[in-house]
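Nothing in this text is a laboratory measurement; each read-out follows from the coordinates by a stated rule. All of these numbers come straight from a predicted model, not from anything done at the bench. Please note: Cβ atoms are built from the backbone with ideal geometry, for glycine as well, and neighbour counts cover all protein chains shown.
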Amino acid sequence: MPAINEVVDLTLEDGVALITLDNPPVNALSPKLMDGMYDAFIQAIGDPEVRAILLLCAGRTFIAGADIKALGVESPKVDFFELQEKIEGAGKPVVAALHGTCLGGGLEVALTCHYRIAAPGTKLGLPEVNLGLLPGGGGTQRLPRIVGVATALDLLISGRQVDARGALAVGLVDVIADTTDLAVAAKAYALALLAEGRPVKRVSDLADRIGDADAAVFEAARDQAERLRRGEEAPRAIIRCVEAAARGDFDAGIAVERAEFQKLLDGPQSAALRYAFFAERQAAKVAGLAPDVQPRALTRVGLVGTGAIGRRLAVALLDAGVETALFDADAAALDRAGAAIDRTALILTGSLSDLAACDLVIEAVADALEAKQAILAELDHAAPGALLATSTARPEVDAIADATTRPCAVIGLHFLSSENADRVLEIVRGKVTSDEAVATALALARKLKRVGVLSGSGPGSISQRTMLVLRQQADAMIAQGVAPEAIERAATEFGFPTGLLAARTDAGTATRTLADSEILDRLLIPLINEAANILGDGIAQRGSDIDMVWVHGYGWPAWRGGPTYHADLLGLPSVIEKVQSFGFNPAPRLVEYAAAGRKLAG
Ligand code: T1G
């Protein structure tokens, strides 16, 4: 049998048609992949030699979802539902062989197959809600029919993944492969199904699990949506789709799902969340890094300082599987930290020389320049082969690096950890910090499941300069008689988590009332202007990096993209007018991009 196209192959072995997809890096459902799948299924279904069909993927994972870049931009010749009807309607068993992360449209395709076999370690999920969407390929109708309404709502609203065993337990997969070669196991499974004369099993025909929901289940789902995703539209749309599924008419449910999906796809929240998806990944791309630079292995990391940051870091590193040594000269403090961290793998030491074997040593001592310079100078000698990092939130990375004989080996690691969002690691590059140190810091971010964002050191990092402006604006309004609670309310209405500005308690009585929109302008417009200054100063590589610091460091609602994304939505000329109305000088980058019609987010 010939290859169908460059991403879909069709072969025949012992009466089993193998449809193999190969669309790196994650076998995303691009239009070409979908068109190729459709042609392959037409051929395999129509071929009398073919007694069963196997759908499997080459590379690191089964289909990880629709091609997010193509959504709303490029459509396949064949409608996704037409492809699904072809698969599910096949008169011969269709088996999906799953591995890696079977997500979104990938799981929806798998659910239209009649049987599913998964390699151990496979993860499955419908994470569309993270993109401001819902499973637009029948997922809201088929998932409840397998796992029941309550479990389906939880999976759809949280967007979480289940592992192969969990999927087996709830019926999402039928069997877990017991060999490392999934294709061999899947083919054997298909042949066994034929030998046993097992019928085709259509998920859309299942009905006994969707009757198990009463109004309380949907009410609980609405509460979960409000708690987990305040202000987001997708969770409520998902609930409406699952309510349609619970009514039992599959085709009517699909019609509801299609309409709700399109509305979300056309809406502003999904556009922002898809922007944020790629912005997160773009941040890890550092221009100018030597192409052959290798990060350190991060086998063992040393920590100096047993305060809150040191303890939090020790736990994060140990949980990421990194051998961790914690130093404090004060034995009692070390014991207290050891007891609080309570991880047997943690190495506690009172001698800096024990850190000599570390790839990286991070100082997390009190936030005073002299103390940081002193400890880095000692580490310079105690751990001569290690990269050195200062966890300062202050703009003195260069001054700290100069306390050592090898400033190129020194980098700043700012673990933004507000209680609202702590998924960003701001990597502050000193004037002479080496590419190796930057690459290692990015690798550390990945290991700690944080978004690594590179910031120059200058008069302040991305987070320091922008947060400072925001606080100054809040303080100025309070000084003019605006109630702190009013500022807090406007910020939370916008979507910030509560406590962002930690309203000051020493404010006098409120004598001035401003509309929420005015408060927001006074908070956000100067912040945007400072972001444009940061870009102009070369402290941030791109606007979307600044957005990631705010979304994952301070809880800017991801469904609003971030400061520079927001500026583009407002329109840069309008932003400039407001900047001037507040008495600020518009950043040159803002003026330049407005004149050129360019996007600040980049
Ligand atoms: N579309 C396009 N590109 C994607 C992609 C996708 N779905 N997923 C990943 N990539 C790119 C990513 O940008 C990066 O590119 C590279 O692949 C590696 O990704 C109809 C509408 C699969 C768990 O939401 O969760 O299906 O930077 O760095 O850490 O109902 O990617 O190398 O150029 O993240 O190993 C639903 C999203 C889509 C899954 C792998 N699916 N992806 O994580 O690698 S909507 C998702 C992920 C949908 C249907 C609906 C993760 C991953 P580059 P990576 P990773």
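Out of the residues in the stretch 133-160 that are part of a loop (DSSP other than H, G, I, E, B) and more than 10 Å from the ligand (Cβ to nearest atom), which is farthest from Val95 (Cα to Cα)?
We begin by selecting, within the stretch 133-160, every residue part of a loop (DSSP other than H, G, I, E, B); these are 133-138, 148, 159-160.
Among the residues that remain, those that are also more than 10 Å from the ligand (Cβ to nearest atom) are: 148, 160.
Numbers: Gly148: 22, Arg160: 24 Å.
Once the filter is applied, the top-ranked residue is Arg160.
Show me the helices (runs of 4 or more DSSP H) entirely contained within the stretch 268-371 in which 2 or more residues are within 16 Å of the ligand (Cβ to nearest atom) and either among the aromatic types (Phe, Trp, Tyr) or closer than 20 Å to Leu387 by Cα (or both).
268-283
Of the conditions (1) assigned to a strand (DSSP E or B); (2) over 30 Å from Pro459 (Cα atoms); (3) under 31 Å from the mean Cα position of the chain (by Cα), Leu416 clears all except one; give me its number.
(2)
If only one of Gly583, Gly555, Gly602 is in contact with a strand residue (DSSP E or B) (Cβ under 6 Å, 6 or more places away or on another chain) and part of a loop (DSSP other than H, G, I, E, B), which one is it? Explain how you work it out, then say what you get.
Numbers: Gly583 fails: in contact with a strand residue (DSSP E or B) (Cβ under 6 Å, 6 or more places away or on another chain); Gly602 fails: in contact with a strand residue (DSSP E or B) (Cβ under 6 Å, 6 or more places away or on another chain).
Going through Gly583, Gly555, Gly602 in turn, the sole match is Gly555.
Does the stretch 72-79 include one or more residues that are part of a helix (DSSP H, G or I), within 26 Å of the chain's Cα centre (by Cα) and over 17 Å from Ala164 (Cα atoms)? Even if it seems obvious, please write down each step before you answer.
Start the filter on the stretch 72-79 by keeping residues that are part of a helix (DSSP H, G or I), which leaves none.
No: the stretch 72-79 contains no residue that is part of a helix (DSSP H, G or I), within 26 Å of the chain's Cα centre (by Cα) and over 17 Å from Ala164 (Cα atoms).
Would you pick out the residues in the stretch 44-70 that are assigned to a strand (DSSP E or B) and either over 24 Å from the mean Cα position of the chain (by Cα) or surrounded by fewer than 24 Cβ atoms within 10 Å (Cβ to Cβ) (or both)?
Keep residues of the stretch 44-70 that are assigned to a strand (DSSP E or B), which gives 52-57, 66.
Residues satisfying the conditions are Ala52, Ile53, Leu54, Leu55, Leu56.
If you check Arg446, Arg465, which single one turns out to be within 20 Å of the chain's Cα centre (by Cα), outside any loop (DSSP other than H, G, I, E, B) and among the charged types (D, E, K, R)?
Numbers: Arg465 fails: within 20 Å of the chain's Cα centre (by Cα).
It is Arg446.
Between residues in the stretch 317-345 that are touching a residue at least 60 places away in the same chain (Cβ under 8 Å) and residues that are assigned to a loop (DSSP other than H, G, I, E, B) and surrounded by 14 or more Cβ atoms within 10 Å (Cβ to Cβ), which pairs lie under 7 Å by C-beta distance while being six or more apart or on different chains?
Note: pairs meeting the criteria are Ala320/Leu448; Val322/Leu298.
So in the stretch 99-132, with the set limited to residues that are part of a loop (DSSP other than H, G, I, E, B) and within 20 Å of Leu228 (Cα to Cα), which one is farthest from the ligand (Cβ to nearest atom)? Break it down into steps so the answer makes sense when it comes.
First, pick out the residues of the stretch 99-132 that are part of a loop (DSSP other than H, G, I, E, B): 99-100, 104, 113-114, 119-122, 126, 132.
Adding the requirement that they be within 20 Å of Leu228 (Cα to Cα) leaves 104, 126, 132.
Numbers: Gly104: 3, Leu126: 7, Gly132: 10 Å.
By that ranking, first place goes to Gly132.
Residue by residue through the stretch 550-575, note down the ones that are of a type in the set (A, V, I, L, M, F, W, C) and either farther than 15 Å from Leu524 by Cα or surrounded by fewer than 22 Cβ atoms within 10 Å (Cβ to Cβ) (or both). So that I can check it myself, show each step before the final result.
Step one: of the stretch 550-575, the residues of a type in the set (A, V, I, L, M, F, W, C) are 550-551, 556, 558-559, 567, 569-570, 572, 575.
Answer for the stretch 550-575, where residues must be of a type in the set (A, V, I, L, M, F, W, C) and either farther than 15 Å from Leu524 by Cα or surrounded by fewer than 22 Cβ atoms within 10 Å (Cβ to Cβ) (or both): Ala558, Trp559, Leu569, Leu570.
Being within 16 Å of the ligand (Cβ to nearest atom), at negative phi, buried (at least 18 other Cβ atoms within 10 Å of the Cβ) and free of Cβ contacts under 8 Å to residues at least 60 places away in the same chain is true for just one of Leu444, Leu425, Leu454. Which residue is that? Talk me through it step by step, then tell me what you get.
Details: Leu444 fails: free of Cβ contacts under 8 Å to residues at least 60 places away in the same chain; Leu454 fails: free of Cβ contacts under 8 Å to residues at least 60 places away in the same chain.
Of the residues listed, the single one that is within 16 Å of the ligand (Cβ to nearest atom), at negative phi, buried (at least 18 other Cβ atoms within 10 Å of the Cβ) and free of Cβ contacts under 8 Å to residues at least 60 places away in the same chain is Leu425.
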